[in-house]
Every structure is written in C-alpha cells, then in structure tokens.
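Reviewing the structure listed below.
Every number here is computed from the coordinates shown, using simple stated rules; none is lab data. Just so we're clear, the structure is a prediction, and the values are computed from it rather than from any experiment. Note that we place each Cβ from the backbone using ideal geometry, even for glycine, and neighbour counts take in every protein chain shown.
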Amino acid sequence: MISKKEVANQYNSLAEDYEERYQSEIRARIRNDIIFFTLKEIIAGRKCTILDAAGGTGFYSIPLVAKGQEVIILDLSKGMLLKARDKLRAEKIETVLGDAENIGFSNGAFDVVLCHLALCHFPEPIKALKEFQRVLRKDGVLSLIVENKAFFSIIEAFRGNIDEALKRLNSKELFVNIGELPRIRTFEKRELINMCSGAGLKAIKTMGLGVLTDYLQACRKETLEENKELKRLEKKLAETEDWTAIGRFLFSICKRSDENPR
C-alpha cells in the first residue's frame, strides 16, 4: 500500500476535474441517486452534525449543507478541500486538513459520519472505523462505501481471464488499480461487516451498488444510455440481499453499538 502522503499528492493532482471524471457517467449517476436517497432516509428531517471523513471535494456532503445540515469535511488532500470550498461560500462549510485514522475531534461529536470510497486508502482500516465509532454520538450512524472484492474477481471472468478471477477471489487481500486513482484495497461483504462489528459498529443495512450497470459497462464498448427502467432495476438489485454481494461497491449503514471496540 502506498503512503498517506502519496495518496494525498495523487488526489491533489486529480482535484481540478475529479468529479467530472469519476462522478459524471450514467452508472455513477444511478449509484449516487441510491446513495442520496439513503442519506435522506438516515437524516429523516433532523438537523445533524456530520463528519465527511476523507470527504474530498464534498460531493456527498455539500448537498446536505444546502439542506441545512452542519458538515465538516476532513481530508488529507489540500487540493480536494480547496475544490470543496469553491463550491460553497466559506462560511457555510468547514474543511479540515487531517487524517481519518487520527480524527482530532472529541468523543461523541457527530450524529453522522460519512466515509465514501475512502476506506480503501487507509493503511489500518479498522483503526479508522474505531475512530468513527468514537466520534459518533450514541445511536449515531456511519454511512460507509467500499470497493467490493467480488466484483473485481467476477469481472475478470467476464473478460475471459478465468485464472486471474480465481487468483483474485482466493487472495487474502486484493488491491486494484483504477484509472489514475491511488491503488485501492477491496473488501468482501462479510469481512466488512465483521470489521465494523470489531470497531463497535453494527451494520444494520448493506446494499450493493453497481450490481448491473458496472458489469454492463465493463462488457460493452459503447456508453450506457440513461433510462428509468435501468434505474429502477439497479435500485431493486441494490436492495435485494441475494444480489448485494456482487455489486461494484458495498454500501453499509452502521449504527454505533453500546459494545466497546475489540
């Protein structure tokens, strides 16, 4: 795994057009519709104090600020935080240059913690999860999205690389390269749930994101076309337990439990 400094430097170089490159495709838009709908359910009209851990440009948290939520974005990348500040007036959002494995906030400071597409970069993910548990208030909620090991194994089989698919599936830890992003660690569904449990966080709901669209895109030369039926199907598959384990991403909603982290 590359160092935190290298991760920060790579995201600094990607900051200017990060959202355009990684959040604009149809599959990303469908995925994000599910994420934002779920976040709306979590908050359910309450005014919350939210930590966006390794939140980058604030793609997921800034829309919550616009709805009256209090958000702090924590990230190691100065460039990503500068893009976040550019999106809203400085007085409406707080950005903090810092490390999600060593969060500089007091116990029970937040109602909600977001950690979307970032746990993959932490040298000690369990340490970060324990920090999220620590800064959450009693019954606080963690919204966690990670890259799914099963997807990166299965997709190799779709491409005809059976030996590589087996190798990836049998590996204890699988790291992959995606575009110009820093090298990414993937997680299995059961592994993720167990890690959260060990950190004092109970997974109350785990969905699969990109159960259909990411496979379709990977196996086609042309770009997917947006339509309502595809959105409905993707949402249905995301919430169906038998399908969640093969999604491109795993999306877990966890609550802080009363048990002490192990």
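Worth pointing out:
- Structure-derived log10 I(q)/I(0) by the Debye sum over Cα atoms at q = 0.08, 0.10, 0.17 Å⁻¹: which label, when the choices are (1) -0.29, -0.45, -1.31; (2) -0.35, -0.54, -1.35; (3) -0.30, -0.48, -1.51: (3)
- Residue 254 sits among other residues whose Cβ lies under 9 Å from its own Cβ, and their net charge, with Lys and Arg +1 and Asp and Glu -1, is +4.
- Note on region 116-204: Cα Rg divided by 2.2 N^0.38 Å, N the number of residues, gives 1.21.
- The slack between residue 86 and residue 21, meaning 0.36 nm per residue of separation minus the straight C-alpha distance, is 21.6 nm.
- The chain, helix-only ellipticity at 222 nm - DSSP H runs n ≥ 4, -39,500 (n - 2.57), divided by all residues, nearest 500: -12000 deg cm²/dmol
- All other residues whose Cβ lies under 12 angstrom from that of residue 2 are scored, Lys and Arg at +1 and Asp and Glu at -1, for a net of +3.
- Estimated Rh, region 76-174: Kirkwood, alpha-carbon pairs, angstrom: 16.1
- Of the peptides 239-247, 158-166, 7-15, 177-185, the order by per-residue mean of other Cβ atoms within 10 Å, starting with the highest, comes out as 7-15, 239-247, 177-185, 158-166.
- Here r is the Cβ-Cβ distance between residue 216 and residue 6 and R0 is 45 Å; the resulting FRET efficiency, rounded to 0.05, is 0.85.
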